[in-house]
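Undergrad: Below is a structure I'd like to ask you about.
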Amino acid sequence: MTITRLFLAAATAAVALTSATAFAQTKTVAITAIVEHPALDATRDGVIEALKAAGYTPGDTLKVEYQSAQGNPATAAQIARQFAGARPDVIVPISTPSAQAVVASTRDIPVVFTAVTDPVGAQLVRSLDKPGANVTGVSDMAPVAEHVALIREIVPSVKRLGVLYNAGEPNSVSLVKALKDEAQKAGLTVVEATATKSADAQPAARSLVGKADAIYVPLDNTVVSALESVVAVGQQAKLPVFSADTDSVARGTVASIGFDYRQVGRQTGEAVVRILKGEKPGDVPVTFAKGTDLFVNPKSAAAMGVTIPEAVTQRATKVVGQ
Amino acid sequence: MSEIAFFGAVEIGLVYALVALGVYLSFRVLDFPDLTVDGSFPLGAAVCATLLVAGVNPWIASLVAALAGSMAGLVTATLNVRFKILHLLASILTMIALFSVNLRVMGRPNVALLMQDTVLTPFYGLGLPDHVVRPLVVLVVVVVIVLLLSRFLNSEFGLAMRATGVNARMARAQGVQTDFHIYAGMALSNGLCALAGALFAQTNGFADVTTGIGTIVVGLAAVIVGETVLPARAMLWALVGCVVGSILYRLAVQLALSADAIGLQASDLNLVTAVLVAVALILPRMRLKAASKKREAAR
């Protein structure tokens with residue numbers, strides 16, 4: 001059994017090496033992501049940035065450990081166990097499966113998840129305001145409230161907001177539910193139109209003509225893949241079309257507010273700092289990521305019969321379609 | 001390696017030991033390279049998670065999950081045996097189809113089980129820490145399955161199945177219904193993989209459509225490492241070898257995770273794991289060579 005002995009020897013060496021670098025007074029933050037991915041990497045960098053801004057210097061008063069599961073959930077589970085055993089001050093899992101694996105592995109180490117769309121549905125926390133236990137975090141659910149506010153700013157006359165989505169996509173269904181809540185608060189009524197396949201997107205959009213004052217397209221795979229046909233309807237009927245994602249603005253929607261994932265990371269880092277300073281995770285409410293990227297398309301807006309107010313163009317991160 | 005990390009590696013190794021046993025059945029016993037595994041593992045997780053959320057007893061949910069996996073194995077076997085599609089291609093077809101099936105079963109890409117009762121729930125709070133309870137429960141399941149499987153493969157039916165894999169024409173000449181044995185073997189193999197998926201979902205608190213990626217690679221690595229470390233002729237020991245191989249593979253991943261201490265990055269994980277497994281495979285061979293050289297020198 002030489003192999004086993006080899007493994008054991010190497011394991012002992014690894015323990016010796018890792019424990020030698022740890023010293024008192026240092027806070028340890030362990031970060032893990034399911035896979036390397038620009039948005040997830042930016043989130044991680046944002047977390048570290050926020051920690052630096054709060055006076056925790058990596059290599060001095062802060063030790064950051066980072067592990068990527070390289071797309072493999074079994075490895076994610078193993079990383080979760082490793083972190084549970086290493087007992088860092090805070091564990092930051094990025095993405096839903098990583099967060100679930102970490103939460104399943106520890107009941108006492110503070111966990112601050114991030115880039116999770118639906119933390120209650122993923123059973124990470126029982127409630128957003130008062131998560132309880134050892135878990136809190138940041139959700140990257142689309143900033144629907146900010147979208148509604150943006151639509152009202154660009155189309156002040158809006159009373160009826162049309163929403164175009166595939167009722168078979170769970171993400172869209174939960175988004176539309178959130179949209180209805182926000183619209184109600186703003187005094188708008190939501191008019192729904194559904195498409196089960198991309199080819200149905202155009203007729204569905206046309207069905208909204210006369211019934212809605214603006215169209216909102218959530219991040220719905222079916223409708224977004226047929227976005228051009230929806231934009232065409234908007235131009236013909238002078239009906240402004242808005243999207244939940246900023247990428248669609250270049251394809252012809254009027255405007256959108258999206259995430260800068262580095263900012264999502266910074267927001268997460270701020271929660272981590274609160275816990276490092278002594279707050280209990282269960283008392284820190286789960287927050288929704290704030291959208292900071294504003295994309296506008298004045299040319300498309302003109303084609304759909306609206307003018308983007310100067311104030312909006314002024315603060316836009318990017319003006320497309322020139 | 002902390003105690004929790006060690007037990008975690010053993011636990012995940014034991015869960016994947018069921019995959020290794022399944023792969024041993026298809027790949028070694030039946031000589032049928034089967035990629036269905038990448039789909040039947042998450043199928044087991046999906047079925048089990050969906051039933052648990054619906055309030056079904058966890059053991060029954062796990063059993064139904066295993067049956068669902070068996071059905072997947074039967075589909076691959078039918079494509080191959082009945083419609084003469086090359087085994088590799090037949091299994092790829094089933095695997096990609098299962099991705100959609102799994103999405104349908106769950107109704108969304110991820111089902112959470114963090115707040116559901118699982119097969120482990122009754123064993124928590126019996127005095128042992130969670131990270132010891134989990135591998136213990138899985139160990140009991142694995143031991144029972146290894147014993148049953150060894151008995152099965154040494155029975156007349158099992159011997160006929162082994163004959164089918166070694167030499168189908170000869171087996172047929174001896175009156176073995178080879179087609180039937182391929183169906184049975186593939187069903188059993190994928191049933192085990194689906195059971196592994198069900199246990200994985202329960203020990204980690206979620207079922208996710210992406211859980212299947214690379215399952216076959218892990219299973220094969222476990223079988224081969226096991227054969228290298230524990231070369232055995234007796235069926236029981238060959239099966240134990242699969243289990244040992246699977247645990248060693250996970251310990252290798254665990255080592256790779258600690259590799260940042262020697263200047264490697266998190267993104268090097270897959271490479272480090274591959275190198276460690278390769279070393280595990282090469283070392284015994286070099287030892288053999290050295291031994292035979294010594295013998296020659298002594299002569």
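The values are calculated or read from the model by the stated rules, or taken from the named source; none is laboratory data. Values in this document were obtained by computation on a predicted structure and should not be read as measured data. Don't worry about glycine lacking a Cβ; one is built from the backbone with ideal geometry, like all the others, and counts go over all protein chains shown. Note: areas computed on protein heavy atoms with side chains; ligands, DNA, RNA excluded. Shrake-Rupley method; radii C 1.70, N 1.55, O 1.52, S 1.80 Å.
Undergrad: For the list (1) open to solvent by 10 Å² or more (accessible area, probe 1.4 Å); (2) farther than 24 Å from residue B:198 by Cα, I need the number of the one condition that residue A:62 fails.
TA: With (1) open to solvent by 10 Å² or more (accessible area, probe 1.4 Å); (2) farther than 24 Å from residue B:198 by Cα applied to residue A:62, the lone miss is (1).
Undergrad: Search the range A:70-93 for residues being more than 7 Å from chain B (Cβ to nearest Cβ) and either assigned to a loop (DSSP other than H, G, I, E, B) or modelled with pLDDT under 95 (or both), and hand back the single one that is most open to solvent (accessible area, probe 1.4 Å). Give the derivation first.
TA: So in the range A:70-93, the residues more than 7 Å from chain B (Cβ to nearest Cβ) come out as A:76, A:80, A:83, A:87-93.
Retained after the next criterion (residues that are either assigned to a loop (DSSP other than H, G, I, E, B) or modelled with pLDDT under 95 (or both)): A:76, A:87-89.
Values: A:76: 5, A:87: 135, A:88: 14, A:89: 57 Å².
It comes out as A:87.
Undergrad: Within the range A:121-137, is even one residue open to solvent by less than 10 Å² (accessible area, probe 1.4 Å), away from chain B (no Cβ under 12 Å) and not in a loop (DSSP other than H, G, I, E, B)?
TA: The answer is yes, given that some residue of the range A:121-137 is open to solvent by less than 10 Å² (accessible area, probe 1.4 Å), away from chain B (no Cβ under 12 Å) and not in a loop (DSSP other than H, G, I, E, B).
Undergrad: How do the helices (runs of 4 or more DSSP H) wholly within the range B:108-201 filter down when requiring 2 or more residues that are of a type outside the set (Gly, Ala, Ser) and either within 14 Å of chain A (Cβ to nearest Cβ) or buried (at least 19 other Cβ atoms within 10 Å of the Cβ) (or both): which remain?
TA: Numbers: elements: B:130-154, B:156-166, B:168-173.
Because the criterion is at least 2 residues that are of a type outside the set (Gly, Ala, Ser) and either within 14 Å of chain A (Cβ to nearest Cβ) or buried (at least 19 other Cβ atoms within 10 Å of the Cβ) (or both), the helices (runs of 4 or more DSSP H) in the range B:108-201 that meet it are B:130-154, B:156-166.
Undergrad: Just to verify a result, which residue in the range B:80-107, among those that are more than 10 Å from every other protein chain (Cβ to nearest Cβ) and among the small types (Gly, Ala, Ser), is farthest from residue A:101 (Cα to Cα)?
TA: The selected residue is B:90.
Undergrad: Can you tell me which of A:306, A:272, A:312, A:264 is over 20 Å from the mean Cα position of the chain (by Cα), of a type in the set (A, V, I, L, M) and not in a loop (DSSP other than H, G, I, E, B)?
TA: On the way: A:306 fails: not in a loop (DSSP other than H, G, I, E, B); A:272 fails: over 20 Å from the mean Cα position of the chain (by Cα); A:264 fails: over 20 Å from the mean Cα position of the chain (by Cα).
Matching residue, one of A:306, A:272, A:312, A:264: A:312.
Undergrad: Out of the residues in the range B:249-299 that are β-branched (Val, Ile, Thr) and open to solvent by less than 40 Å² (accessible area, probe 1.4 Å), state the one that is nearest to residue B:8 (Cα to Cα). Reasoning before the result, please.
TA: Our first condition is that a residue be β-branched (Val, Ile, Thr); within the range B:249-299, this holds for B:253, B:262, B:272-273, B:275, B:277, B:279, B:282.
Still in the running and open to solvent by less than 40 Å² (accessible area, probe 1.4 Å): B:253, B:272-273, B:277.
Numbers: B:253: 11, B:272: 19, B:273: 17, B:277: 19 Å.
Only one residue tops the list, namely B:253.
Undergrad: Right, next: Among the residues of the range A:36-59, write down those that are part of a loop (DSSP other than H, G, I, E, B) and surrounded by fewer than 18 Cβ atoms within 10 Å (Cβ to Cβ).
TA: Filtering the range A:36-59 for residues part of a loop (DSSP other than H, G, I, E, B) gives A:36-37, A:54-57, A:59.
Matches in the range A:36-59: A:36, A:37, A:54, A:55, A:57, A:59.
Undergrad: Mind listing whichever residues of the range A:103-120 are in a loop (DSSP other than H, G, I, E, B), surrounded by 21 or more Cβ atoms within 10 Å (Cβ to Cβ) and either of a type in the set (Val, Ile, Thr) or modelled with pLDDT of 95 or more (or both)? Even if it seems obvious, please write down each step before you answer.
TA: Of the range A:103-120, the ones in a loop (DSSP other than H, G, I, E, B) are A:106-110, A:117-120.
This time we only want the ones that are surrounded by 21 or more Cβ atoms within 10 Å (Cβ to Cβ), so: A:106, A:110, A:119.
Answer for the range A:103-120, where residues must be in a loop (DSSP other than H, G, I, E, B), surrounded by 21 or more Cβ atoms within 10 Å (Cβ to Cβ) and either of a type in the set (Val, Ile, Thr) or modelled with pLDDT of 95 or more (or both): A:106, A:110.
Undergrad: Still on this structure: Mind counting the residues in the range B:1-47 that are more than 17 Å from the chain's Cα centre (by Cα) and closer than 25 Å to residue B:91 by Cβ?
TA: Residues that pass the stated criteria total 1.
Undergrad: Which residues, counting only those in the range A:156-175, are part of a loop (DSSP other than H, G, I, E, B) and open to solvent by less than 10 Å² (accessible area, probe 1.4 Å)? Show your work before the answer.
TA: Going through the range A:156-175, the residues part of a loop (DSSP other than H, G, I, E, B) turn out to be A:156-159, A:166-169.
Hit for the range A:156-175 is A:158, nothing else.
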